[in-house]
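Visitor: Sharing a structure here in structure tokens format.
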Amino acid sequence: MNDFPLTLFYDGACPVCSLEMDHLRERSRDGRLVFVDIAAPSFDAARYGATLDAMNAEIHGLLPDGSMLRGVEVLRRAYAAAGLGWVLQPTGWAPLAPLAEAAYRLFARHRRRISRCAAPFIHAVRARRAERTMRRMARCRGGACEVDGRGRS
């Protein structure tokens, strides 16, 4: 079964969510992940057989065969696609899976409040990433720039 591309439906109005999607986007430049911001004015959840309320309640992921995934399973697969599968692998283990799902649901319900509290951290991470990108771009020569550290721009 082909799991890619995996389409991630995330809340772009949530700073924590956006920060994490930026991280995954930066790590996965091979087309394995597609990002769709459900906070965009033109987004239509009905197009995917869902409601905006349901998609706001937890992250959703769409597989190429049309299957829709939700919650921690989406994150596990997205991290695997980005080469970071080991980070969330324990969330799939039988004893930890229910705890991971409960913790994720708690985060999802309070993500905007968490984002407000974490704002200084989020701004610092974004500034550090921008600075790193600028340093890489400064090494451009003859129109060929190394932006992602792997020789691709």
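Read-outs throughout are calculated quantities, based only on the coordinates presented, and are distinct from any laboratory measurement. Keep in mind that what you see is a predicted model, and the values were worked out from it rather than measured. Please note: Cβ atoms are built from the backbone with ideal geometry, for glycine as well, and neighbour counts cover all protein chains shown.
Visitor: Can you run down the residue pairs with Cβ atoms below 9 Å, 6 or more apart or on separate chains, where the first is in the stretch 63-91 and free of Cβ contacts under 8 Å to residues at least 24 places away in the same chain and the partner is outside any helix (DSSP H, G or I) and surrounded by fewer than 16 Cβ atoms within 10 Å (Cβ to Cβ)?
Guide: Pairs found: G66/G49; M68/G49; A80/D3; P90/L96.
Visitor: Here's something else I'd like to know. Only residues that are polar (S, T, N, Q), part of a loop (DSSP other than H, G, I, E, B) and free of Cβ contacts under 8 Å to residues at least 60 places away in the same chain: list them for the stretch 1-41, please. Spell out the reasoning first.
Guide: We begin by selecting, within the stretch 1-41, every residue polar (S, T, N, Q); these are 2, 7, 18, 28.
Restricting the remaining residues to those that are part of a loop (DSSP other than H, G, I, E, B) gives 2, 28.
Within the stretch 1-41, just S28 meets the criteria.
Visitor: Return only the number of the condition from (1) touching a Ser or Thr at 6+ places or on another chain (Cβ under 7 Å); (2) of a type in the set (A, V, I, L, M); (3) without any contact (Cβ under 8 Å) to a residue 40 or more places away in the chain that A124 does not satisfy.
Guide: (1)
Visitor: Also, quick follow-up: Within the stretch 41-81, which residues are closer than 19 Å to A103 by Cβ and of a type in the set (F, W, Y)?
Guide: Across the stretch 41-81, the qualifying residue is only Y79.
Visitor: I've got another one for you. Give the stretch 81-105 a look and list any residue that's surrounded by fewer than 13 Cβ atoms within 10 Å (Cβ to Cβ) and aromatic (F, W, Y), or say none.
Guide: Answer for the stretch 81-105, where residues must be surrounded by fewer than 13 Cβ atoms within 10 Å (Cβ to Cβ) and aromatic (F, W, Y): W86, W93.
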